[in-house]
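Since the structure comes first, as structure tokens, the remarks are kept for the end.
The values are calculated or read from the model by the stated rules, or taken from the named source; none is laboratory data. Keep in mind that what you see is a predicted model, and the values were worked out from it rather than measured. Methodologically, a virtual Cβ is constructed for each residue, glycine included, from the backbone with ideal geometry; neighbour enumeration extends over all protein chains shown.
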Ligand code: TMP
């Protein structure tokens, strides 16, 4: 069988050439990394869950008119997405203090912020994705002022949508990261939400108990990561609890 062309391999996903021009196949691996891949493991079933969860969030966003790269899910681990030019920024939105914000400013984790705070990091693993300001972004030409206005408004719309969806199932959206891509349509360029939206790229806390249901479970060795992600999927009605374990044939006596 002909081997399909790999376009890019990242820490958690692989991008292959898609079936039509302008498309890519996004494959979700089971690899989990943290602290810029200093900590690594294979977490069986993580890719299947993130494929489904990212489909769920991106479909919801498409449905309220927030454009995303997501076209359709192809199978357990793959989805068809629009090929776009990724802007080299990690766009982070925070509703409560946690992680690097807590460290940087000495805020207790869980402190509600006066309003959502949007931060930008320059996507470069060799530099550890450093925090940058709009000044750096403009000066180095990573995005124009118009792009930045659009990125801010996309990020805040994603925040409102995800916060509401999660609140409805008893989960607090503490913070999340998205990536933005450019697509070209004739003479026009549009910005769309790309990459993935999953518990790998969000902080999700149970509202009642404060239990962490995101990648901090792996980063901080707090328990079983697939159990946490399965719980998010179950509450959202995205997939049955044991669906990720049904990958091997089982003997029926
Ligand atoms: P931080 O508190 O470590 O800066 O993370 C903020 C949010 O961004 C959190 O939801 C996790 C997410 N994130 C990623 O998706 N990728 C990354 O490489 C990092 C560092 C954070």
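Laid out as a table, the results:
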{"quantity": "Pair list, Cβ < 7 Å and 6+ apart or interchain, from the stretch 27-54 residues that are part of a loop (DSSP other than H, G, I, E, B) to residues that are modelled with pLDDT under 95 and surrounded by 20 or more Cβ atoms within 10 Å (Cβ to Cβ)", "calculated": "45/244"}
{"quantity": "Considering residues of the stretch 155-170 that are surrounded by 18 or more Cβ atoms within 10 Å (Cβ to Cβ) and in contact with a helix residue (DSSP H, G or I) (Cβ under 9 Å, 6 or more places away or on another chain) only, the residue farthest from residue 192 (Cα to Cα)", "calculated": "166"}
{"quantity": "So residue 76, is it modelled with pLDDT under 95, out of contact with any strand residue (DSSP E or B) (no Cβ under 8 Å at 6 or more places or on another chain) and more than 16 Å from the ligand (Cβ to nearest atom)", "calculated": "no"}
{"quantity": "Unmet requirement for residue 108, which otherwise passes all of (1) touching a residue at least 12 places away in the same chain (Cβ under 8 Å); (2) under 23 Å from residue 172 (Cβ atoms); (3) surrounded by fewer than 17 Cβ atoms within 10 Å (Cβ to Cβ)", "calculated": "(1)"}
{"quantity": "Criterion: within 11 Å of the ligand (Cβ to nearest atom), assigned to a strand (DSSP E or B), surrounded by 16 or more Cβ atoms within 10 Å (Cβ to Cβ) and free of Cβ contacts under 8 Å to residues at least 40 places away in the same chain - qualifying residue of 90, 119", "calculated": "119"}
{"quantity": "Odd one out for residue 66 among (1) surrounded by fewer than 17 Cβ atoms within 10 Å (Cβ to Cβ); (2) at pLDDT 95 or above; (3) in a loop (DSSP other than H, G, I, E, B)", "calculated": "(1)"}
{"quantity": "Any hit, the stretch 129-138, residues being within 26 Å of residue 161 (Cβ to Cβ), assigned to a strand (DSSP E or B) and within 16 Å of the ligand (Cβ to nearest atom)", "calculated": "yes"}
